[in-house]
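Contents: one structure, followed by commentary.
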Amino acid sequence: KQEVTQIPAALSVPEGENLVLNCSFTDSAIYNLQWFRQDPGKGLTSLLLIQSSQREQTSGRLNASLDKSSGRSTLYIAASQPGDSATYLCAVKDNYGQNFVFGPGTRLSVLP
Amino acid sequence: GAGVSQTPSNKVTEKGKYVELRCDPISGHTALYWYRQSLGQGPEFLIYFQGTGAADDSGLPNDRFFAVRPEGSVSTLKIQRTERGDSAVYLCASSQGGGRSLDTQYFGPGTRLTVL
């Protein structure tokens, strides 16, 4: 059974810092991996989707990498801003199922 | 519509009661997912519809939970004889394709269910 973990559980940084969020998964036979953002009391917003054949995806200040063999993905946020404060979740869709398995999330606070 | 909508936004009920939660997916999306999210956790998969049929209901915790999508658009999640442990935020998502497609999922704002 696929299990997804995220480290750290919470992170607080001053504005302007570059930061890295980590995601690990136990079964490397994944179909794709997606990073989401969740604001308090809101649903999830998709940030980046990486296909199993890809190694990274970029969107603006965000860069997500994927290393399937080691079961890891990282989300890099450049020049963080207070508006980036939210919970970041990674989710994997494996080759056996049709749904996403989510990690518990990293709660990010960017201080002005 | 512009996005996935869910009603009600909040539902408070008493233990043992029956509740229905509604999801309106993005128009034209064939795939619809239900997830449950407890405080401090990531969403947990419940059920996935492709069109009108439940393609995967392996995440439903027990037979008190049931979901329908009779016309392939709106879906209703039904919970019988609610228990305090059912309290959570219930999220709905839709995507243009489903299953093994690479389409991203678009999430609704969720329904916060509280069972007293």
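For the stretch A:95-112, enumerate the residues that are crowded, with 21+ Cβ neighbours inside 10 Å and without any contact (Cβ under 8 Å) to a residue 40 or more places away in the chain.
Within the stretch A:95-112, A:Asn99 is the sole residue that qualifies.
Could you please find all residues in the stretch A:103-112 being in contact with an Asp or Glu (Cβ under 7 Å, 6 or more places away or on another chain) and part of a strand (DSSP E or B)?
Within the stretch A:103-112, A:Leu108, A:Val110, A:Leu111 qualify.
Does B:Phe49 fit the bill of being within 11 Å of another protein chain (Cβ to nearest Cβ), surrounded by 18 or more Cβ atoms within 10 Å (Cβ to Cβ) and either on the phi < 0 side of the Ramachandran plot or in contact with a helix residue (DSSP H, G or I) (Cβ under 9 Å, 6 or more places away or on another chain) (or both)?
Numbers: within 11 Å of another protein chain (Cβ to nearest Cβ): yes; surrounded by 18 or more Cβ atoms within 10 Å (Cβ to Cβ): yes; either on the phi < 0 side of the Ramachandran plot or in contact with a helix residue (DSSP H, G or I) (Cβ under 9 Å, 6 or more places away or on another chain) (or both): yes.
Taking the combined requirement at face value, the residue satisfies it.
Based on this model, can you work out whether B:Arg81 counts as at pLDDT below 90 and among the basic types (Lys, Arg)?
no
Looking only at the stretch A:13-51, filter to residues that are among the hydroxyl-bearing types (Ser, Thr, Tyr), in contact (Cβ under 8 Å) with a residue 40 or more places away in the chain and in contact with a strand residue (DSSP E or B) (Cβ under 7 Å, 6 or more places away or on another chain); which one of those is nearest to the other protein chains (Cβ to nearest Cβ)?
Taking the candidates together, the pick is A:Tyr31.
Among the residues of the stretch B:82-91, are any under 27 Å from A:Glu3 (Cα atoms) and of a type in the set (Val, Ile, Thr)?
yes
Among A:Leu89, A:Leu75, A:Leu108, which is the only one that is over 10 Å from the mean Cα position of the chain (by Cα) and under 19 Å from A:Pro8 (Cα atoms)? Step through it out loud before you land on a result.
Numbers: A:Leu89 fails: over 10 Å from the mean Cα position of the chain (by Cα); A:Leu75 fails: over 10 Å from the mean Cα position of the chain (by Cα).
None of the others qualify; the one that does is A:Leu108.
Can you name the number of the only condition in (1) over 25 Å from B:Leu32 (Cβ atoms); (2) more than 9 Å from chain B (Cβ to nearest Cβ) that A:Tyr88 fails?
Only one criterion in (1) over 25 Å from B:Leu32 (Cβ atoms); (2) more than 9 Å from chain B (Cβ to nearest Cβ) is unmet by A:Tyr88, namely (1).
Output the number of residues of the stretch B:3-33 satisfying the condition of being assigned to a strand (DSSP E or B) and not charged (D, E, K, R).
Residues in the stretch B:3-33 being assigned to a strand (DSSP E or B) and not charged (D, E, K, R): 12 in total.
Grab the strands (runs of 3 or more DSSP E) fully contained in the stretch B:56-116, keeping just those with 1 or more residues being within 14 Å of chain A (Cβ to nearest Cβ) and farther than 19 Å from B:Lys17 by Cα.
B:88-95
With respect to the numbered conditions (1) of a type in the set (Gly, Ala, Ser); (2) surrounded by 14 or more Cβ atoms within 10 Å (Cβ to Cβ); (3) within 22 Å of B:Ser5 (Cβ to Cβ), which one is the sole condition not fulfilled by B:Ala55?
Tallying (1) of a type in the set (Gly, Ala, Ser); (2) surrounded by 14 or more Cβ atoms within 10 Å (Cβ to Cβ); (3) within 22 Å of B:Ser5 (Cβ to Cβ), B:Ala55 fails exactly one: (3).
The values are calculated or read from the model by the stated rules, or taken from the named source; none is laboratory data. Just so we're clear, the structure is a prediction, and the values are computed from it rather than from any experiment. Quick reminder, even Gly has a Cβ in these numbers, built from the backbone with ideal geometry, and neighbours come from all protein chains shown.
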